[in-house]
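In what follows, a structure is listed as structure tokens, so that the remarks can point back to it.
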Amino acid sequence: MSIFDFNDYRKFVLKLIHEQPKRGRGMRSELARIMKCKTSYVTRILDGNAELSLEQAFELRDFLNLSEDEIQYFLLLVMHGRAGTEALKKNLKKQIVETQHRMLQMKRHTDIPADVLTQEQQFKYFSSWEYSMVHLLLTIPAFQTLEAIYQKIKLPKPRIRAVLDYLEKNGFAKKEQDGRYKIGPQRIFLPADALMISTHHTHWRLHAIQACQNRFEEDFHYSSVISVSKNDYLRIKQTMVKAVEECKKIIKDSPSEIPCGFHLDVYEVN
């Protein structure tokens, strides 16, 4: 649970309490002790009938186990709750949304592995869908030979051989003594701000379009055009990021048996 997923400090504190053993029994008394007030006043705050002071909110930083960035955001939520005019609430709301966007971007950059491709590797590898497709197939035992790859994607064999040579040369694949190719030690990661990111997305969305036209019952495609508030747009984006993170956990431990397309989009239409 991240505090940056919340727009209301009460909901964050209540969620934190309910996730504790015995649904947080005794935590309200502890909050009252730290805030130097009665437990009944803590209940009034959490019920929405009173507001935390900034001083009380700051005293809770250690108890809530908040980092420096998180306590600053928590204080921002408290200021928004205490704001006495609509103009001030609107200004603070804007700061809240901007902070959420910034922290979401920071998380994405923090998750970048150390072995990001060089620019030369990026331009070559992502210049065509063929490289990532052949590379993907090598994770599946049934497709670790040139002939098996050819039967799967029907590229000319000289082209498949050239792709395999490139993958092997750059550590993305390794050739076994029996002539089979297996996945290499070098991992593939393309940062969100990489020059080739749009090319990569385009290649595989074109494949997704083709898959839509095939209309296989086992496939799943969803497209919609919607209008939502700016706040709900962020909530949708956060939900999708979490869904991707959960899927990546499943993918990490899943045996390689079939190649799949995995695409997810949410964006403002301009």
Q: Determine which member of the set Met79, Met103, Met1 is outside any helix (DSSP H, G or I) and either in contact (Cβ under 8 Å) with a residue 12 or more places away in the chain or farther than 23 Å from Lys237 by Cα (or both).
A: Met1
Q. Taking the stretch 129-142, which residues are out of contact with any Asp or Glu (no Cβ under 8 Å at 6 or more places or on another chain) and surrounded by 14 or more Cβ atoms within 10 Å (Cβ to Cβ)?
A. Trp129, Glu130, Tyr131, Ser132, Met133, Val134, His135, Leu136, Leu137, Leu138, Thr139
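Is it the case, given these coordinates, that Leu264 is within 20 Å of Thr118 (Cα to Cα) and of a type outside the set (Ser, Thr, Tyr)?
So Leu264 does not fit the description; no.
On the given criteria, is Lys169 within 17 Å of Glu130 (Cα to Cα) and modelled with pLDDT of 85 or more?
On the way: within 17 Å of Glu130 (Cα to Cα): yes; modelled with pLDDT of 85 or more: yes.
So Lys169 fits the description; yes.
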**Q.** Test: Lys11 is more than 27 Å from Thr99 (Cβ to Cβ) and either loosely packed, with under 15 Cβ neighbours inside 10 Å or touching a residue at least 60 places away in the same chain (Cβ under 8 Å) (or both)
**A.** no
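Do we find a residue being more than 24 Å from Ile140 (Cβ to Cβ) and of a type outside the set (Gly, Ala, Ser) anywhere in the stretch 248-265?
Kept after step one, since they are more than 24 Å from Ile140 (Cβ to Cβ), are these residues of the stretch 248-265: 265.
Checking the rest, the ones that are also of a type outside the set (Gly, Ala, Ser) come to 265.
Yes - at least one qualifying residue is present in the stretch 248-265.
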Q. Restricting the search to the stretch 235-259, which residues are under 20 Å from Ser198 (Cα atoms) and either of a type outside the set (D, E, K, R) or in contact with a Gly (Cβ under 7 Å, 6 or more places away or on another chain) (or both)?
A. Met240, Val241, Val244
(Q) For the stretch 233-254, give me each residue that is loosely packed, with under 11 Cβ neighbours inside 10 Å and over 13 Å from the mean Cα position of the chain (by Cα). (A) Ile250, Lys252, Asp253, Ser254
Q. Modelled with pLDDT of 90 or more, in contact with a helix residue (DSSP H, G or I) (Cβ under 6 Å, 6 or more places away or on another chain) and among the hydrophobic types (A, V, I, L, M, F, W, C) - does that describe any residue in the stretch 79-91?
A. yes
Q) Mind checking whether some residue in the stretch 85-100 is out of contact with any Asp or Glu (no Cβ under 9 Å at 6 or more places or on another chain), buried (at least 16 other Cβ atoms within 10 Å of the Cβ) and charged (D, E, K, R)? A) yes
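Given the options Val13, Val97, Val42, name the one that is under 28 Å from Ile236 (Cα atoms), assigned to a helix (DSSP H, G or I) and at pLDDT 90 or above.
Testing whether each residue is under 28 Å from Ile236 (Cα atoms), assigned to a helix (DSSP H, G or I) and at pLDDT 90 or above leaves just Val13.
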Q. Scanning for something open to solvent by 100 Å² or more (accessible area, probe 1.4 Å), at pLDDT below 80 and within 26 Å of Leu117 (Cα to Cα), does the stretch 178-187 turn up at least one residue?
A. yes
Q: Take the stretch 205-233 and flag every residue that is of a type in the set (Lys, Arg) and either without any contact (Cβ under 8 Å) to a residue 12 or more places away in the chain or under 30 Å from Phe6 (Cβ atoms) (or both).
A: Arg215, Lys230
(Q) If I ask for residues that are farther than 18 Å from Ser256 by Cβ and touching a residue at least 40 places away in the same chain (Cβ under 8 Å), which ones from the stretch 140-180 would you list? (A) Tyr166, Asn170
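The values are calculated or read from the model by the stated rules, or taken from the named source; none is laboratory data. If you're wondering where the values come from, they're calculated on a predicted model, not measured in any experiment. All Cβ positions, glycine included, derive from the backbone under ideal geometry; neighbour counts span all protein chains shown. With ligands, DNA and RNA removed, areas are computed over all heavy atoms of the protein, side chains included. Shrake-Rupley method; radii C 1.70, N 1.55, O 1.52, S 1.80 Å.
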